[in-house]
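Right, one structure below, let's go through it.
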Amino acid sequence: MISLTDTQKIGMGLTGFGVFFLFFGMLLFFDKALLAIGNVLFVAGLSFVIGLERTFRFFFQKHKVKATGFFLGGVLVVLIGWPLIGMVLEIYGFFLLFRGFFPVVVGFIRRIPVLGSLLNLPGISSVRIFLLLALITGAASSRPKMSFLSK
């Protein structure tokens, strides 16, 4: 079992409450207050779990500038009071930021008894393979390849 420090335990709680408030805010038709609280708790919890310096290094890498801009811009737009537009920006930024982790998460879920058997069903398995290939190729290159320019 992984041992966590007290600060990391607090961060896990903050992150969990942040995800709960974000989910609950979306269920209640994009309630501004719940989404704002969820955003603040999620970012604060992430900082507590991995540390302030590592959080800044993660978000402000050169190849993640666009993703960080969309994610933090979405948080700002939600805090200003436009929850639907802010959440769209946030979700897009979230997928850009964490797309390298998705194959790891899917591999972990495949090892869970009930969920793994669901992921191996014929229709879902083909979609999963397509999404994994899209994520891997998207994570490998940050810009689209223009084959007509190179001969």
Only one of PHE42, PHE60, PHE30 is under 16 Å from the mean Cα position of the chain (by Cα) and surrounded by fewer than 19 Cβ atoms within 10 Å (Cβ to Cβ); which?
PHE60
If ALA139 satisfies every condition in (1) surrounded by fewer than 11 Cβ atoms within 10 Å (Cβ to Cβ); (2) at pLDDT below 70; (3) among the small types (Gly, Ala, Ser) but one, which is the exception?
(1)
Within the set of pairs 6+ apart or on separate chains, which have a first residue in region 74-94 that is closer than 13 Å to ALA36 by Cα, a second that is not in a helix (DSSP H, G or I), and C-beta atoms under 8 Å apart?
PRO83/PHE30; PRO83/ASP31; LEU84/PHE30; MET87/PHE30
Filter result for PHE70 (under 24 Å from LYS9 (Cα atoms) and under 15 Å from the mean Cα position of the chain (by Cα))
no
Scan of region 63-79 for residues that are among the β-branched types (Val, Ile, Thr) and surrounded by 18 or more Cβ atoms within 10 Å (Cβ to Cβ), ordered by number:
VAL75, VAL77, VAL78
So if I check each of GLY16, GLY45, which one is in contact with a Ser or Thr (Cβ under 6 Å, 6 or more places away or on another chain) and either assigned to a helix (DSSP H, G or I) or in contact (Cβ under 8 Å) with a residue 40 or more places away in the chain (or both)?
GLY45
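The values are calculated or read from the model by the stated rules, or taken from the named source; none is laboratory data. Remember, predicted model here, so these are calculated numbers, not experimental data. No Cβ is skipped: glycine too gets one built from the backbone with ideal geometry, and neighbour counts run over all protein chains shown.
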